[in-house]
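Taking it in order: structure first as C-alpha cells, then the write-up.
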C-alpha cells in the first residue's frame, strides 16, 4: 500500500464541513493508501487538557488513549474523501482495540500512520476498520489501534466475516463508580480532541443523525474508564472496548470493574443496567 | 532496647459540637480550634507555656489555612514558641494526631503535646469551577497586560458556577452514605438494629451530660453548652418514622435502611487533648487518666476491590490485638466511631463472622462478639455529631476518663475514615 506523507495534521472542523457538503458519490473500494504524519511533536498543554477532561493524571507519559488524538484527523481525512465508500456523517463507532507495547512519552518525535481495511457488510449496513499506528521514527510502532465504524443502511460487497470475539467482561452487580456525566462533556472533549462531530455538541444535530439526544464521545467513555483503572493497567496491554449503546449527556453512568487473573474487566452501564461500553484489559 | 515509655492522657477540652449552618455558621476552623485550645490552656494553667508540639488538622480546609494549627496557636494563650504541624487523615485525623504526639512522648523527644482536630461544614471552602480556575491561572501566568486580557477573554458565564465540596469519594463518585449503604446491605444490617444503636447513643450521651461527665472536658462556645444534635428523648419509635436517605448504588431501594437519624449529621466543632509523660504530669500535680498503649492503621481497596469504604478498622484491630497479645474480649470499654449506625454494626458483624475472619483476616477463629454494654457508654458520634477531624480528639479523652472513673481498665478505639482507611488504638490505666 503506498504511503502519502502529509505536511500537517488536517483540521477536523473543515473536514466535517467537507463531509457534510460533499455529495456522496462514493467508490466501492477502500483507498489503497496509508496516510502518514512524521515528526509529530506533542504539546504538553494539549495532553494536560486531555488528561483533565478524561480523568487521567498529568505526567510525562501519554495516556494510552491519547495517540488516538493524533490518528483521528488522518482517519477523518481518509473517510471524508469523495472516493471513500462510506459517508462520514452519521458514522457510529462500534469498537476500538488498542495495543500498546510501552507508553509513549511527551516529547517523543512521533510517526503516525493510518489506513482503512476490512470493508464488510453488517446485518444493518456496512462497517469498516480504520487502523492506526504510532511510534518513533525508524522503529516498529508501539501503539496500534483498530477502530470499527458502522454506517446504517450502507452497502458493502463483501459479506460479513466472522469478527474477532468481542470483549466479554465479567463484573459483579455492585457498581464501583457512579459518574455524573455533565452535559458539556461533549463540548469539552471536542475542544481537546478536535472531534467536533455535531452529535456530541448539539442536541438538535444529534437527533438529526438519529440519536436520542446529545451523546458522549465513545473514546471519551473508554478513556474515562481506563483513567478509573489508573495504576492497574501498566505495561504492555491490549484494551478492547465495544460501544454498545450511546451514553446520553447529561446523565448518570455506573462503572463496574473486576480484576481477572491477568487483567481487568469493566462495564459502563446506564441506571437501568443497559450496557454503554464493555471493556477488557489484557497483557499484550 | 528498653521499651519506650507510654504517653499519658492528662485531660482535654472541646467546644460543644453544632449542627451545620447553625450556631457556628460564622465561625472558621481557626476560630473554633483556638477556642478549644484556649479552654485547655485555662483548665490546665498552660498560659505562656511552651508545648513540645501541637498537632491538629481539618478535613475541609481553606487554602489560606495551610498552617491552620500554627495560626491557632499564635492566636491562643500558649507560648508562641510552641511548634506545630497539621495532619489530615479524614475522620482519623484527631486520633492520628494523638498517636503522633504520643509516639514523640514515648521516644522522649517531647514531654508534653496537644493533639486536636476541627472541622466546619458551614464555613466550607468553595472553589471556583475548573474552567474558571484555568482561565484565572492562565491570566496570572501571563507576563504582559495583553496576555492577561487575552486570557480573561476566555471567561464565560457558565464558569461562575462554584464548586461546593461534597462528601463524596473522588474515585467512585459515591457519597460516603451510599458506600455505607452498600456495606449495610452486604452484611444484612437491619433498620431496627441501627435505630436501636442510635437511640442508645443519644440516651448515653444525655446521661453523661446529666452526670456532669463533660464538665471538665468542654467549654461553652457561641452560646452552646452541649452538642446541639443531642436528642435525649430519642427512641426507636421516633427514629423508625424517618425515611431512608442513602441507597446502595445499583441496588434495590428496598435494601435502604439508613436515615438522617442513624447517620451522623454534618457538624461543626473542635476538640483538643493534652498528652504528656508521667513525669510532666506529676511535676504539675495533674492526673494521668490513661496511657495510650499502641495504635494501628489499615486501608482497604474499596475502589476496585470488594471491601466496604468504612471497613478498614475491621482489619486494623486484629493486627493491633495480635501485636499486644490480646483478644477482642480483653477490653472493659469499646469506642467505635458511629459514622453510621450501620458501620458499627457491620464492623461487629465482620468480627463475629468465621468466613470474614478466615478469608479476609486469615484467622483460624473469628474475633467473636463483644459485650454491647461496654460499647460507646457515654454516647458517640450519632448523638454528639461528627466534625470530621475533631472526632478522634473527642473520643480519646472520653475513653481515658471512662477508664479513670472505672478505677482502671483497658479500652479500644476504632475510627473509620474516608479513602478506605481506619485508625485504631488501645488505652489502658
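Taken together, the residues in region B:152-180 that are within 13 Å of chain A (Cβ to nearest Cβ) and surrounded by 15 or more Cβ atoms within 10 Å (Cβ to Cβ) amount to 12. Across region A:150-188, the number of residues qualifying as closer than 30 Å to residue B:302 by Cα, within 14 Å of chain B (Cβ to nearest Cβ) and not in a loop (DSSP other than H, G, I, E, B) comes to 7.
Taken over region B:24-57, the residue count meeting the criterion of being assigned to a loop (DSSP other than H, G, I, E, B), over 17 Å from residue B:117 (Cβ atoms) and modelled with pLDDT of 95 or more is 7. Check region B:288-300 and report whether any residue there is modelled with pLDDT of 95 or more, within 14 Å of chain A (Cβ to nearest Cβ) and assigned to a loop (DSSP other than H, G, I, E, B). Among the residues of region B:288-300, at least one is modelled with pLDDT of 95 or more, within 14 Å of chain A (Cβ to nearest Cβ) and assigned to a loop (DSSP other than H, G, I, E, B), which makes the answer yes. The number of residues in region A:220-265 being in contact with a helix residue (DSSP H, G or I) (Cβ under 6 Å, 6 or more places away or on another chain), buried (at least 21 other Cβ atoms within 10 Å of the Cβ) and part of a helix (DSSP H, G or I) comes to 3.
You will find that of B:220, B:244, B:248, the residue that is closer than 30 Å to residue A:255 by Cα and away from every other protein chain (no Cβ under 14 Å) is B:244 and no other. Screening the candidates B:411, B:368 for the property of being more than 19 Å from residue B:267 (Cα to Cα) and surrounded by fewer than 24 Cβ atoms within 10 Å (Cβ to Cβ) yields one hit, B:368.
Residue count for region B:349-382 under the criterion of being outside any loop (DSSP other than H, G, I, E, B) and within 22 Å of residue B:402 (Cβ to Cβ): the result is 7. Every listed requirement among (1) away from every other protein chain (no Cβ under 14 Å); (2) closer than 26 Å to residue B:393 by Cα is met by residue B:147 save one, (2).
Candidates A:55, A:59: the one that is free of Cβ contacts under 8 Å to residues at least 60 places away in the same chain and either surrounded by fewer than 12 Cβ atoms within 10 Å (Cβ to Cβ) or touching a helix residue (DSSP H, G or I) at 6+ places or on another chain (Cβ under 9 Å) (or both) is A:59. Can you find even one residue in region B:266-280 that is in contact with a helix residue (DSSP H, G or I) (Cβ under 8 Å, 6 or more places away or on another chain), surrounded by fewer than 20 Cβ atoms within 10 Å (Cβ to Cβ) and away from chain A (no Cβ under 14 Å)? No, region B:266-280 contains no residue that is in contact with a helix residue (DSSP H, G or I) (Cβ under 8 Å, 6 or more places away or on another chain), surrounded by fewer than 20 Cβ atoms within 10 Å (Cβ to Cβ) and away from chain A (no Cβ under 14 Å). Each residue in region B:105-135 was checked for being in a loop (DSSP other than H, G, I, E, B) and over 18 Å from residue B:52 (Cβ atoms), and 8 pass. Of all positions in region A:88-99, none carries a residue that is surrounded by fewer than 13 Cβ atoms within 10 Å (Cβ to Cβ), within 17 Å of residue A:66 (Cα to Cα) and in contact (Cβ under 8 Å) with a residue 40 or more places away in the chain. Considered as a group, the residues in region B:106-137 that are within 14 Å of another protein chain (Cβ to nearest Cβ) and modelled with pLDDT under 85 include one that is nearest to residue B:19 (Cα to Cα), and that residue is B:129.
The values are calculated or read from the model by the stated rules, or taken from the named source; none is laboratory data. Computed from a prediction, not measured in an experiment: that's the story for all the values here. Positions of Cβ are backbone-derived with ideal geometry, glycine not excepted, and every protein chain shown enters the neighbour counts.
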